[in-house]
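As C-alpha cells, the structure follows; a few thoughts come after it.
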Amino acid sequence: METLEDEHSDDRSAQKAKRSFPEEIIEDILSRLPVKSILRFKSVSKSWLSLISGPSFHKLHSTVAPRTTAFFFTARDSSTGTRYFFSGANDGGSVANLMKLDNTVFDAVNLHAEHLNGLLFFTSRDSYCGKLYAFVCNPTTHKFFELPDPPAVPLRNYTDENKCDYYLFGFDELSNEHKVLYIDVELIKPTTIVVMIFSISNYSWRKIEVDLPLGMSAQRCFSGTGGSVCVNSVIHLKLRNPLEILAFDLTTETFYIVNMHPEAAPDTDTNLTSMYPYALLVKINGLLGLACCDPWNWEEWNKVHIWMLQDYEKRVWVRETVTFPSKSQIQYGAYGPYPCDSTNMDKIVFSPRVLSENLISVSIYNMKTRCFKSIELTLGHRFLSPKSVHVEQIKCYVESLIPLQN
C-alpha cells in the first residue's frame, strides 16, 4: 500500500527531474529506449507513468526507438488439450509464459498466428466444429484482448463441418490502425461476400459487402488457405486449383487476384498427390512470399523453394532455394519443412522442435551466408509428457507499447 510519505517522495523525485531537465527532453530520451526499459521506468514516478502511458508517447516511440524483435510461439499438449503461449528473446535463453487455453483442439485451417506492428493475432477452437474464438495480444506488455462476436451474423450450426468461418488480421497503413476481418462462407453469394471489419482503434465492428473477383466461388474462396499474410495494407490468401493469391486491400476494401510466377504455380488438379508444389504463404523481410516443396519427390526432400514478390506493382518474383543439411535438424510437418517467419534481417525462422520437458530448439537460416544455426529456448513450464507436446508455430514480432483494452 502506498503511504502519504511515498507519494510525497515520488512527487519530490518528479519535481527534481523537472528542475534538471525540461519534460520534452525527458520524453525525447525515453522515446529512444527499448520497450522493456520503458516498462520498468513506469514505476519511477506518477508523472513518468502518465507520460509513458500517453498515446502521443506511444506514437513517438514507435517512430524513433530501435526495433527490437522477439519470438512468440505456441505449443499444444495433445494429452491434455492445453495450448500454451510463450515469448522469448530471438537469441535464445529463458522464455516468458504469456497464457494458456484449456480444452483446445488442433485446427490446421485456423492455426496460423499473424504479427503486425507490435500486435499478434490468433484464433482457437474448443471443439472440432465449435465456435472460433479470436484474440489480439501484445506479447511485450503481456496484454490480451478477446474479440467480441461479430454482430448481425446468423446463428451458426457449429456441428456442420462444411460451414466455415475465418478471421484475418491486417494493418491499414493509411489510417494507421490494426483491423480484423471476419468472413463466413455461408454469407458468400455468387458474386459478392459480406465482410465484417473490426477496428482495434475504436473496438467496434462494421459490415461491408464486397464484389468477388470474376470466377471466384465459395468452394474455392477461403478453402484450405493455410493462413494469411498482410503486406502493404493488403491481406493475402492462398487459392488452389490453380495456385493463385487472393488479395483484400484494407484501404480500398476491394478484392483482386495476384498471379504467381509460372514456375511456382504449375497446373494442378484435385488429386492431393499431384498437387505439386505444396505451398504455404509466408512473409520474408517484409515481402509477400510463397514457400513450396514437393513431399513426394525423393530428390527434393531436403529443399524448399521460397518465391518472394520483390516488386509488388510489377509482379516481379525472385526465388530463394533453401537446402537442409540433414532431415534431423529441421522439424517436418505433414508435408515437409516450411519457414515460419523472418526476423527482417535476412534470417528465416523454421519450425521449432521439443528437445526435452522444458527445452525447445529453433533453426534459423541466414539468406546471406546460406547457413543454418540453432538456438535453444528454455521454458519455465515443464511438460509432463514431452512426447505429446507439439510446437505449433513460431513468429518474430517487434516489441511495442501499443495498449489493449481488457
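At full extension, ASP249 and ASP126 could sit 41.2 nm farther apart than now, given 0.36 nm per residue minus the alpha carbon distance. Residues in segment 303-319 carry Karplus couplings, in order, of 10, 9, 9, 10, 8, 10, 7, 5, 10, 5, 5, 8, 6, 9, 9, 10, 10 Hz; the curve used is 6.51 cos²θ - 1.76 cosθ + 1.60 with θ = phi - 60°, and Gly or Pro positions show x. If you plug the beta carbon distance of LEU355 and ASP28 into 1/(1 + (r/R0)^6) with R0 = 30 Å, you get a FRET efficiency near 0.10.
Quick note: the coordinates plus some simple rules give every number you see, no bench work behind them. Predicted model, so just to flag it, every value in this text is computed and none were measured. Here Cβ is always computed from backbone atoms with ideal geometry, including for glycine, and neighbour counts include all displayed protein chains.
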